[in-house]
Amino acid sequence: MKKKKTKWIKFRHKVVTGIVRFVLRPYCRLVYGVKAEPFRQQEKRPYLILYNHQTTFDQFFLGISFKGPVYYVATEDIFSNGFVSSLIRWLVNPIPIKKQTGDVAAVKNCIRVSREGGSIAIAPEGNRTYSGRTEYMSPAIASLARMMKMPIALYRIEGGYGVQPRWSDGVRRGRMRSYVSEVILPGEYENMTNDELLERIVTGLQVNEDCADGLFRSKKRAEYLERAMYVCPFCGLAKFESKGAESRCLSCGKTILYGEDKRITGKDCDFPFEFVAQWYDYQKKFVNALDVTADVQKPLFEDRANLSEVIVYKRKELLRKDAHIRLYGDRVAIDEDGGDPLILPFAEITAAAVLGRNKLNLYHGGKVYQFKGDKHFNALKYVNICYRCKNIQKGDVHGEFLGL
């Protein structure tokens, strides 16, 4: 006899989210300066909630705006921490997904929750923005939304990049707003093509903070910008070091200042970009112009990081502490000069992803390797170079997608 599946949705989820909402409403307002507007049209109907991703607390802003429990699609990383992951599952039961991969199980679980009458929240970007602009969204989100057959609530978060950029540890004093910008009913999108629905979603979630739209105060406002930037407009591929409101290129010594209005100015130079987004665009164009496979004898970068294997949905096992990592144009080499090197060719890597602020996951041969360096570690360059190499190897030398 076939065993009956237990329900995904539990009464305790409603109790837990009610308590969390009560506690976090004043906290989010005080710390993040966010005005999370209640969604008054919700009534008792479940929604597929799609939101742009700016801060580490986005899911809580969303949770304040909606009544009842919301089931978030979350990366496998939070499900691979032993007891803590088990506790999170018991309390709110998020829907796990393997980042940067096509996860059929995640789709099935979304359908399961929708059939049980639960609201589901997904960030279609799959990543927090590095630039302050809403980034690439996979076209698969339109197909998934159509399968759910639920009303779609587009939840827009504004000001988050000023308050807490992805590359920063701190929260700046500023103002944010989060709210449902649009609702798309099943009767509307059933007659749309997937491309039309995708365009509607992208437009509804599009936010561009590549501008001076307020003041965001912090004495450490430039700190850890090096997690995002690794191309210097004066000397090319480089490492940076930041402190307070300044960030300095370690190759040419040029220093920039990051202002309270998010503007960048040169301290000892005429810096060619006014905002991080413009610099970020330049960095992507620079990488997409590189033939990273032309010279693979010399590493592009070298770092130190702890290497773990992620036993997905269970735990993480530390493999090497303070390993020596070399990034080449076609591979990542770990402890290459030692007696037990580990070589990960990009041709064999199925996906590469940045998790959180600066953790790196490489999916290779059925295994998930995670690299966690110090606070200055830049994981983004590994993902970008990996996808640039893959584009070249498959003959798409003009391909612009660099993994995010």
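The values are calculated or read from the model by the stated rules, or taken from the named source; none is laboratory data. What you are looking at is a predicted structure, and each value in this text was computed from that prediction instead of being measured. We place every Cβ from the backbone using ideal geometry, glycine too, and count neighbours over all the protein chains shown. Surface accessibility is based on the protein's heavy atoms, side chains included, excluding ligands, DNA and RNA. Shrake-Rupley method; radii C 1.70, N 1.55, O 1.52, S 1.80 Å.
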Open item on the list: Take the conditions of a type in the set (D, E, K, R), within 21 Å of the chain's Cα centre (by Cα) and either under 26 Å from GLY356 (Cβ atoms) or at pLDDT 95 or above (or both) and apply them to ASP169. Does it pass?
Closed with: yes
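For the range 23-53, which positions are aromatic (Phe, Trp, Tyr), open to solvent by less than 40 Å² (accessible area, probe 1.4 Å) and over 28 Å from LEU404 (Cα atoms)? I'd like the intermediate steps shown before the answer.
Our first condition is that a residue be aromatic (Phe, Trp, Tyr); within the range 23-53, this holds for 27, 32, 39, 47, 51.
Applying the additional criterion that residues be open to solvent by less than 40 Å² (accessible area, probe 1.4 Å) yields 32, 39, 47, 51.
Listed by number, the list holds a single entry, PHE39.
Can you tell me which residue within the range 234-248, out of those that are open to solvent by 60 Å² or more (accessible area, probe 1.4 Å) and part of a loop (DSSP other than H, G, I, E, B), is nearest to PHE377 (Cα to Cα)? Even if it seems obvious, please write down each step before you answer.
Going residue by residue through the range 234-248, those that are open to solvent by 60 Å² or more (accessible area, probe 1.4 Å) are 234, 239, 241, 243, 246, 248.
Subsequent filtering for residues that are part of a loop (DSSP other than H, G, I, E, B) retains 234, 239.
Values: PHE234: 21, LYS239: 10 Å.
My answer is LYS239.
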TODO: Looking for whichever is modelled with pLDDT of 95 or more and crowded, with 18+ Cβ neighbours inside 10 Å here; the options are LEU318, LEU327. Which one fits?
DONE: LEU327
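Evaluate the range 306-317: report whether one residue or more is touching a Leu at 6+ places or on another chain (Cβ under 6 Å), in contact (Cβ under 8 Å) with a residue 60 or more places away in the chain, β-branched (Val, Ile, Thr) and within 25 Å of ASP169 (Cα to Cα). Don't jump to the end; show me each part of the working.
Within the range 306-317, the first condition is being touching a Leu at 6+ places or on another chain (Cβ under 6 Å), and the residues that meet it are 307-309.
Keeping just the survivors that are in contact (Cβ under 8 Å) with a residue 60 or more places away in the chain gives 307-309.
Checking the rest, the ones that are also β-branched (Val, Ile, Thr) come to none.
Checked against the condition, which is being touching a Leu at 6+ places or on another chain (Cβ under 6 Å), in contact (Cβ under 8 Å) with a residue 60 or more places away in the chain, β-branched (Val, Ile, Thr) and within 25 Å of ASP169 (Cα to Cα), the range 306-317 yields no hits at all.
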Task: Enumeration of residues in the range 198-219 that are in a loop (DSSP other than H, G, I, E, B), open to solvent by 60 Å² or more (accessible area, probe 1.4 Å) and either at positive phi or free of Cβ contacts under 8 Å to residues at least 40 places away in the same chain (or both) - done: LYS219
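Just wondering, is there one or more residues in the range 220-233 that are on the phi > 0 side of the Ramachandran plot, surrounded by fewer than 19 Cβ atoms within 10 Å (Cβ to Cβ) and not β-branched (Val, Ile, Thr)? Break it down stepwise before answering.
As a first pass, look at the range 220-233 and keep what is on the phi > 0 side of the Ramachandran plot: 224.
If we keep only those that are surrounded by fewer than 19 Cβ atoms within 10 Å (Cβ to Cβ) too, we end up with none.
No, that holds for no residue.
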Task: helices (runs of 4 or more DSSP H) within the range 30-136 that include 1 or more residues modelled with pLDDT of 90 or more and of a type outside the set (A, V, I, L, M, F, W, C) - done: 58-65, 104-115
Task: Residues being open to solvent by 10 Å² or more (accessible area, probe 1.4 Å) and over 14 Å from THR56 (Cβ atoms) - total across the range 164-197 - done: 20
